[in-house]
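Read-outs throughout are calculated quantities, based only on the coordinates presented, and are distinct from any laboratory measurement. Source: prediction; values computed, not measured. All Cβ positions, even for glycine, are placed from backbone atoms using ideal geometry, and neighbour counts span all protein chains on display.
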Amino acid sequence: MTGELLVFFALLMGGTAAALYAVYGGPAAVAVVVGGICWALFSWFLSTRVVAAVTGATPVTKEEQPDLYRIVENMSIAAGLPATPEVRIVDDPAPNAFAAGRGPKQAFVCVTSGLLQTMDHRELEGVISHEIAHVQHRDVRLMTLVAVLVGVVAMISDFALRMIFWGGMGNRRGGNQNNPILLAIAFLGLLLAPIAAIGIQLAVSRRREYQADAGGAEISGDPEGLALALRKLEQDPREIRHMNRSTAHLYIEGPLRKATDARGLLSGLFDTHPPLEDRIARLEQMGGFKLPQ
Amino acid sequence: MLTVVIVVVVLLLLGLLFALFFNRLVRLRNETEAGWANIDVQLKRRNDLIPNLVEAVKGYAAHERTVFEEVTQARAAVAGAGGPAATAAASDALSGALGRLFAVAEAYPQLRASENFQELQSELTDTEDKIAAARRYYNSVVQTYNTAIQSFPAVLYAGLLGFRPRQFFSADEPEKAVPQVSVS
């Protein structure tokens, strides 16, 4: 999975660089690509610190939240994690949850206070099992990696387009001066590359959500509990505060779903999460049960 | 000359492939052992809680001797059992005995109101849940491991290298539903 993604993004970046080369010549292309790689490394090493700060999660102890804490412990045991992740709470009335941290050893699981009020024990177990499955699958690291790569592709193409506008079309040494068709293709490629990158990012995110649902159901041994929790999330109209695109893929329910209510044909392409209906349907199939409508 | 090179390259590739397969088996076997250790920790924890629980109940219901004996014997059976299947059977029997102990305790309101008893009860429920969780993990890694050593090509050499199939932590059939102790 990670390998394929790296190859894909290498191709995308190579393509952007080739387009840049066609328009502007060798040295510029090399400079932009090197700059992009440096930026990727920089944001990769900085990324892990950002999440906790952005979401405003505070750690809780076992004494404060014995029930929640025990569920996290139990789900970690059932998933065979090397350690129980830290438990954190965000004070927010909207029910939601997410997992973060680079690997299974430094992970933390975070729920909103709204989730604790909304869910009963069984449903909470379902939600936590989904998050623990994310930790087990190392999704947080994967999605951070993908986000960084998307950023780099966007940066390179943005930079190249600016150079074309400011520097004039291919009138420098080494550039291809006489081929308008090639220039047009390069231009189009530079425009489309970031969109393709984001499309891939979101497709990966949606796929990982299905896998975390299936993994979670296996961990808790109770697909119906998770399905019930998803149904409750579906029916709850509240939306979490302090939300932005960069952390959206971490949550159990796409936190931006309700903001974009108008669902066009293409809107599904740009969701971080599959529709809750589909996720519930897959769990029903897996567990051989049917939730009442 | 060329033939020699080809033979060497093929042998190297085969060696590499074998190393990969071998390492996977080792990893899976280690996972089953870690899974078993998890179960063991929780079983010990439960066994450690039981004497206190029996004492607490005795304080209010000293004459319910049969159920105390049953719990004590089942506890000793869990500690003495060898192998996952036997341990699972003993563990299930202990869960059943504890369920009956709690059913007996229901009849004594003072006992139920005692803080010590409530705490022990919640600890024990938690441990039962953790045993169930550890059991799910162990059985799922054993399933993967057993499938791996019984599939081609591992089936040819797994036995020779000392990879034996492991027992499920289950009294009879694999993945039997975990008996739920109702303690509330």
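Spacing of the modelled spin labels on A:R122 and A:E284, each 7 Å from Cα toward Cβ, amounts to 1.7 nm. The ranking of B:E64, B:E115, A:E73 by Cβ neighbour count inside 10 Å, starting from the fewest, reads B:E115, B:E64, A:E73.
What would the Debye equation give as log₁₀ I(q)/I(0) for the stretch B:5-101 at q = 0.14, 0.15, 0.22, 0.23 Å⁻¹, counting only Cα atoms as equal point scatterers? After summing over all Cα pairs, the log10 values are -0.64, -0.69, -1.06, -1.11. Pairs of Cα atoms nearer than 8 Å and 6+ residues apart set the relative contact order; for chain B it is 32 percent. Residues of the stretch B:118-156 falling in the label zone of A:K105, defined by backbone nitrogen less than 11 Å from a point 7 Å along Cα to beta-carbon, are absent.
Counting lysine pairs in the protein assembly as shown that sit 8 or more residues apart in sequence, or on different chains, and whose Cα atoms lie under 19 Å apart gives 6. The antiparallel fraction among DSSP beta bridges confined to the protein assembly as shown stands at about 60%.
Remark on the stretch B:26-74: ratio of C-alpha radius of gyration to 2.2 N^0.38 Å is 1.71.
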